[in-house]
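The values are calculated or read from the model by the stated rules, or taken from the named source; none is laboratory data. Keep in mind that what you see is a predicted model, and the values were worked out from it rather than measured. Every residue, glycine as well, gets a Cβ built from its backbone with ideal geometry; the counts of neighbours run over all protein chains shown.
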Amino acid sequence: MTTETASQDLLPADLAMGTVMLRVGDMAKMSDYYQRALGLEPVAEQDGGLYLGRLGTPVVHLAPAPGLHIPGRGEAGLFHTAVLFKDQASLAATIATAAQYEPMSFVGSADHLVSEAFYFADPEGNGIELYYDKPRDVWQWEGKNVVMDNVALPPQRYLQTHLSEAALEGQHEAAAGVGHVHLQVGDVQTAHDFYVTTLGFEKTAGWHGQALFVSAGGYHHHMAMNVWNSRGAGPRKDTLGLGEVLIEVPGGVDVGALADRLKTAGVSSHHTGLELRFEDPWRNRIRVAVR
């Protein structure tokens, strides 16, 4: 817990990340990618778009936004949506289908000590992380900071070790959900002031002043922000890409407490009682709602 954040001002420990909304230009192409490459299935058609997920739980909401442009590489917005898998076999199955769908969409992989992660980009340039969490008892902490790193994780060797026909055939029956969301921002200190001091996340790691990792309840990170491509970026323009990040909390009291903190900090928000909508300093839209 940071010195400036009292315990009563923290987000609830059993917080979870919810559906990520993407504003898309080509619905047919994007829907095909998320279904065929990532093995997601339609959950609902509503709110002017398509919800895709696993076992009835939506992972992404594709919202049509014709006429808008793909954001520039250095603009604030989405770095990646991180999809969490329950086991290595189901992760390997989705790595395989994503790589087969479009080999050039694969952009890297790493053993982060707390997780095993593989990175892709969808047809409109939105980053995607597919990952598996290692057991929590092997995570290492230095005080309040979790130890993470980038250790080589060769994808072919991973598939040889973990991929099976059963996992491929049962891909749609394997659970998956949003584990964390990583943003591009203009500067790390402003991100800390907003996401830690105001919202009530706890800082779990930094990265040479270039990135910030935050969580609730001792997770390695529910959200992250970096300036690797976007240092100095200002508020977002009206573009394709990230439409909204959903954070799910247990009850209305959690929503109300956050609404009070935002009001005290002078952050404009819309509070309906069961959910709260607001923007971060870069106009990334956040919605906090009762699970």
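Per-residue answers, yes or no, for (1) crowded, with 18+ Cβ neighbours inside 10 Å; (2) over 24 Å from Y119 (Cβ atoms):
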residue: Q171; (1), (2): yes, no
residue: A175; (1), (2): no, no
residue: Y195; (1), (2): yes, no
residue: G209; (1), (2): no, no
residue: G217; (1), (2): no, yes
residue: R231; (1), (2): no, no
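Whether any residue in region 91-107 is buried (at least 19 other Cβ atoms within 10 Å of the Cβ) and not in a helix (DSSP H, G or I) is what I want to check. Within region 91-107 (the criterion being buried (at least 19 other Cβ atoms within 10 Å of the Cβ) and not in a helix (DSSP H, G or I)), the answer is no, since none of the residues qualifies.
If you check L246 against the conditions, is it within 20 Å of A16 (Cα to Cα) and touching a Lys or Arg at 6+ places or on another chain (Cβ under 6 Å)? It is true that L246 is within 20 Å of A16 (Cα to Cα) and touching a Lys or Arg at 6+ places or on another chain (Cβ under 6 Å). Filtered by the rule that a residue be small (G, A, S), in contact with a strand residue (DSSP E or B) (Cβ under 9 Å, 6 or more places away or on another chain) and exposed (fewer than 13 other Cβ atoms within 10 Å of the Cβ), region 126-158 gives a lone residue, A152. Set side by side, the residues E129, E45, E116 differ, and just one is out of contact with any Cys (no Cβ under 7 Å at 6 or more places or on another chain), without any contact (Cβ under 8 Å) to a residue 12 or more places away in the chain and part of a strand (DSSP E or B), which is E45.
Within region 16-28, the set of residues being of a type in the set (G, A, S) and surrounded by fewer than 19 Cβ atoms within 10 Å (Cβ to Cβ) comprises A16, G25, A28.
In this structure, A13 qualifies as surrounded by fewer than 14 Cβ atoms within 10 Å (Cβ to Cβ), closer than 28 Å to G218 by Cβ and at pLDDT 95 or above. Quick check: is even one residue across region 61-76 touching a Lys or Arg at 6+ places or on another chain (Cβ under 9 Å), crowded, with 16+ Cβ neighbours inside 10 Å and either closer than 14 Å to V178 by Cα or acidic (D, E) (or both)? Among the residues of region 61-76, at least one is touching a Lys or Arg at 6+ places or on another chain (Cβ under 9 Å), crowded, with 16+ Cβ neighbours inside 10 Å and either closer than 14 Å to V178 by Cα or acidic (D, E) (or both), which makes the answer yes.
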